[in-house]
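All remarks here apply to the structure that follows.
Derivation of every value follows stated rules applied to the coordinates shown; laboratory data play no part. Nothing here was measured: the structure is a model prediction, and the numbers come from that model. Positions of Cβ are generated from backbone atoms using ideal geometry, with glycine treated the same way; all protein chains shown enter the neighbour counts.
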Amino acid sequence: MNGVSARNGANIRHLRLKLLVFAMVCALPLFGSMSWWLQGGSLIPLAAYGIVSVLAFLLYWSDKRKARVDHWRTPENVLHALEFAGGWPGALLAQQVFRHKTRKVSFQLVFWIIVLLHQVFWIDQLFLEAQLFSLF
C-alpha cells in the first residue's frame, strides 16, 4: 500500500518518503530546542513547536472544510504567521493529510522559506554560536 487513508478517503502519496522528509526537517529544531532547554534555557521554543503545530493543524483542517463548502476562508497570512511562530511541522502534516495548500506555488514558496528560516536559526544557535542572528 502506497499511502494511508485519511478521513476524506484520500491517500497520502509516497508516505515513506514524506515521513523521511518530515523527520529530517524536524530533527534540527527538535534537537536544538531540547538542547537549549536541557542546558538551562527556555522551554518556550520546544513548547511552541508542539502547541503551535497543533493549532496550525487544526486551522488547516478548518480551512479545508470551509473551502469545500465555499465559506469564509482563513487568510494565508494567518496560516503563515502560525507557521513562522513554530507551527510549520503541524502545517506540513496537515498539508499532506488534507491535501490542502499543496498546489499553490506562491503559498508553498513562503511556507518552505519559513521552514528554511527555522533550520538556519538552529544551525546558527547550535553550530555558529548565534553569530548570524546577532547581526540583526
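A few remarks follow.
- Cβ crowding within 10 Å averaged over residues, with 106-112, 93-99, 44-50 ranked highest first: 93-99, 44-50, 106-112
- For the chain, the mean residue ellipticity at 222 nm estimated from helices alone is -22500 deg cm²/dmol, where every DSSP H run of n ≥ 4 contributes -39500 (n - 2.57) and the total is divided by all residues, rounded to the nearest 500.
- All Cα-Cα separations within the range 15-135 were binned at 5 Å from zero, giving a P(r) of 2, 11, 19, 24, 18, 12, 8, 4, 2, 0, each value a whole percent of the pairs.
- Contact order relative to length of the range 15-135, as percent, for alpha carbon pairs under 8 angstrom and 6 or more apart: 27
- Estimated at 0.36 nm per residue, the fully extended path between residue 131 and residue 104 surpasses their Cα-Cα distance by 6.3 nm.
- For the range 15-135, size of Cβ-based charge dipole, Lys and Arg +1, Asp and Glu -1, in debye: 780
- Sparse packing (at most 11 other Cβ atoms within 10 Å of the Cβ) combined with a DSSP loop state is found for the following GluC sites (Glu not before Pro) in the range 50-136: 129.
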